[in-house]
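What follows is a single structure, written as structure tokens, with notes after it.
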Amino acid sequence: EGDGIPPDDLPHIFERNFSSGRKIKPDMQKKPMLYNDNFMASRSGLGLHISKQIITQHSGRMFAKNNQWGGAEISFTLPYYK
């Protein structure tokens, strides 16, 4: 659900320190932001970057696209070896 990822941002979401259409400044990484449900999250912009690195290290691929009904879909493939 939601608006999805802005089309201009889609090619960049797996880059290190990319968040909301901009590169994150190093000083912003140290300031946590508080979400409504009281969980703390850093503004490091590393989650998708690290995920893609792990998938790539296992010879997989990671994709992102916006759904036509709203929201975004992030998926990955991994090879299966017998």
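The values are calculated or read from the model by the stated rules, or taken from the named source; none is laboratory data. The structure presented is a predicted model; accordingly, all values stated were derived computationally and were not measured. Every residue, glycine among them, receives a Cβ derived from its backbone with ideal geometry; neighbour counts consider all protein chains shown. Note: areas computed on protein heavy atoms with side chains; ligands, DNA, RNA excluded. Shrake-Rupley method; radii C 1.70, N 1.55, O 1.52, S 1.80 Å.
Among the residues of segment 67-82, the one identified as closer than 17 Å to Gln57 by Cβ, touching a strand residue (DSSP E or B) at 6+ places or on another chain (Cβ under 9 Å) and assigned to a loop (DSSP other than H, G, I, E, B) is Leu78. Remark: pairs (first residue in segment 55-70, open to solvent by less than 40 Å² (accessible area, probe 1.4 Å); second residue of a type in the set (Ser, Thr, Tyr); Cβ separation under 9 Å; 6+ apart in sequence or on different chains) = Ile55/Thr77; Gly60/Thr77; Met62/Ser51; Met62/Thr56; Met62/Ser75; Met62/Thr77; Ala64/Ser75.
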